[in-house]
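What follows is a set of notes on a single structure, which appears directly below.
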Amino acid sequence: MGIFKAKGAPAPWCSLVWKDLSPQRDKFLVWLVVKNFITTCDKVASWGGSGLFSCLFCPCSLETRDHLFGGCVVYKELYAGLLAKAFPRTPSDDWNIELQWASNDLKGKQLRNQAAKAIWRAMISTIWRERYSLKMEDPRRASRR
Ligand SMILES: [Zn+2]
């Protein structure tokens, strides 16, 4: 199965990831996150890597895609600061529920939803870029194989 060519109906998250306003880099990164193609610490550990595998933002948690973009304190703080007024809810700890919420509740052409999608994509992108910056600052966290 090709990773760039969808077969059949588009995935429910397709419009969330690719449509409307956002820098292409944010859209591409969100696509990598949705497909779980990002290199999180749990993957590095499963490949036999060494180092610290905890989340850089909340060290008691293992860094996984599902944690970073669901249960992580940074995701919840960004949501509270950026989207909670327009979409009052408590974000789930489960990435799949967050993706389902965003795919369902942010769809449509209304400016409010287009802006919310762009903000949500920017949240994902910002978390990943900040995580990368912090990781590069701490040599103990550099992935070693
Ligand atoms: Zn965290």
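Only one of the listed residues (116, 102) is in contact (Cβ under 8 Å) with a residue 60 or more places away in the chain and either more than 16 Å from the ligand (Cβ to nearest atom) or farther than 26 Å from residue 10 by Cα (or both). That residue is 102. Listed conditions (1) loosely packed, with under 12 Cβ neighbours inside 10 Å; (2) within 16 Å of the ligand (Cβ to nearest atom); (3) touching a residue at least 24 places away in the same chain (Cβ under 8 Å) are all met by residue 72, apart from (1). Scanning the range 42-51 for residues that are in contact (Cβ under 8 Å) with a residue 60 or more places away in the chain and either surrounded by fewer than 17 Cβ atoms within 10 Å (Cβ to Cβ) or touching a strand residue (DSSP E or B) at 6+ places or on another chain (Cβ under 7 Å) (or both) returns 47, 48, 49, 50, 51.
All conditions in (1) surrounded by 15 or more Cβ atoms within 10 Å (Cβ to Cβ); (2) under 19 Å from residue 56 (Cβ atoms); (3) at pLDDT 95 or above; (4) out of contact with any Pro (no Cβ under 6 Å at 6 or more places or on another chain) hold for residue 135, with the sole exception of (3).
The values are calculated or read from the model by the stated rules, or taken from the named source; none is laboratory data. Small disclaimer: the values here were computed from a predicted structure and weren't measured. All Cβ positions, even for glycine, are placed from backbone atoms using ideal geometry, and neighbour counts span all protein chains on display.
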